[in-house]
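This report concerns only the one structure given below.
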Amino acid sequence: MKDKEQIASQIQKLAEKYKDSGQDLSSYLDGLLYQRYLTYWDYIHLDTLLSLQVPRTYFPDEEIFIMYHQITELYFKLIIHEEKQIVDDQSQEVGHFIEKVNRINNYYKALISSFSIMINGMEREQFLRYRMALLPSSGFQSAQYRMIELYATPLENLVYESERDQFSKDTPIEELYEHIYWKKGATDLSTGEKTLTLKQFEYRYTPRFIRITKEVAENTIYHKYLHLPEKSRNNKVLIDALRKMDLNANVNWPLMHMGSAYRYLNKGDKAIEATGGTNWKEYLPPSFQKVVFFPKLHSKQDINNWGKQWVDHLFNPEKVL
């Protein structure tokens, strides 16, 4: 009897759910009868996923290079997924905040620990050959990586470090964007000319970056923290999680790239140019950029020493910080 009552209740709830669609429940049940069973490979579009690796050369390791970057972009999407939930949350519930930041740190942990695939998982000679077929594309052109920054902190914190004191939160977004730190990494310092890599990237994504920045104005993750009640702002677990996120995004992850760049692009005293003409020796070291998402959560000494681990890291590129 209880099972029948439960089924009747569920049918009633389904009828309520579908009544506003213009079709009665019976029509939906007919569709369910004809619907085929769901399989794992259809649900995750496995055949499509496995067809997305299309090398441009015949070097076997190029496929590793493609797959790893695709995996990285999926982790970036997971990070953004959590960032959006923090930004959209109106509850100011510190437990929710902590949970989402911890998830972000777990994604970074997976990314950082997996980077040995890039450092030691490919033959250097293969890489130096197939990379020439990838010009002028570059990992510099990862839009999601930039979106992670835009959701995390106000744009004035992303201005090139030596110019940062010239601007404030009252500076127009469009002006701040023109001085964002990563543009220096794809600009000829002697002529000021932008590389084709940067020109392509700006043409494709600038409108989206500006839109996101305006959408999260006064509402980035940093703002969400600063607007919490005092008791929540002083929560040690939250502070530690945010500090860890800052270090993961702006020190530990860039350091892994430094290890990879030195493995493949450094040859004695002469550095090989990165694809896209990016100036990786000036662009990648976190101590040069000093990008800090949550500056009030770090001591002055911490910020002064920001990213100085990169020197040691050059000699221990597999070390997970």
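General observations
- Using θ = phi - 60° in the Karplus curve 6.51 cos²θ - 1.76 cosθ + 1.60, the 3J(HN,Hα) couplings for the range 70-86 round to 5, 4, 4, 5, 5, 5, 4, 5, 4, 4, 5, 4, 6, 4, 4, 5, 5 Hz; x is entered for Gly and Pro.
- Rounded to 0.05, the FRET efficiency of the Ser113 and Asp170 pair, given R0 = 45 Å and the Cβ-Cβ distance, is 0.65.
- Using θ = phi - 60° and Karplus 6.51 cos²θ - 1.76 cosθ + 1.60, couplings along the range 127-137 (whole Hz; Gly, Pro as x): 4, 5, 8, 6, 4, 5, 7, 9, 4, x, 5
- The Gln53 and Gln85 beta-carbon pair, evaluated with R₀ = 25 Å, returns a calculated FRET efficiency of approximately 0.25.
- Within the straight-line cut-off of under 22 Å between alpha carbons, the lysines reachable from Lys109 are Lys77, Lys84, Lys100, Lys236, Lys244, Lys290, Lys308, Lys319, sequence neighbours fewer than 8 places apart in one chain being disregarded.
- Chain lengthening between Asn234 and Glu93 when straightened (0.36 nm per residue, less Cα-Cα): 49.4 nm
- Calculated on alpha-carbon atoms, Rg and Dmax of the chain in Å: 23.8, 83
- Look at Thr187, Thr206, Thr48, Thr220 and count the other Cβ atoms within 10 Å of each Cβ; fewest to most, that gives Thr48, Thr206, Thr187, Thr220.
- Using a Gaussian network model of the chain in which every pair of alpha carbons under 10 angstrom is joined by a spring, one finds that among Leu255, Leu128, Leu25 the greatest mean-square fluctuation is at Leu25.
- J(HN,Hα) series, the range 47-61, from Karplus relation 6.51 cos²θ - 1.76 cosθ + 1.60, nearest Hz, glycine and proline x: 4, 5, 4, 6, 9, 7, 8, 10, x, 9, 10, 9, 6, x, 6
- C-alpha long axis of helix 196-215 to longest principal axis of the chain, angle in °: 50
- Angle between the chain longest axis and helix 253-265 axis [Cα atoms, degrees, rounded to 10]: 50
- Distance between modelled label sites at Ile44 and Arg204, nm, 7 Å Cα→Cβ extension: 2.6
- For the range 10-27, the residues whose backbone nitrogen is under 17 Å from a point 7 Å from the Cα of Tyr34, taken along Cα to Cβ, are 23-27.
- Relative compactness, the range 1-81, computed as alpha-carbon Rg over 2.2 N^0.38 Å: 1.91
- Separation in nanometres of the label points that stand 7 Å from Cα toward Cβ, at Leu14 and Ile303: 5.9
- Mean residue ellipticity (222 nm) of the chain, computed from DSSP H runs ≥ 4 via -39,500 (n - 2.57), nearest 500: -17000 deg cm²/dmol
- Here the label points at Leu74 and Glu218, each 7 Å from Cα along the C-beta direction, are separated by 4.0 nm in the simple model.
- Distance from the range 122-200 to the range 1-73 (C-alpha centre basis), Å: 37
Coordinate-derived values only; no laboratory data. Worth saying up front: this structure is predicted, and the values here are computed from it rather than measured. For neighbour counting, all protein chains shown are included, and Cβ atoms are generated from backbone atoms with ideal geometry for every residue, glycine included.
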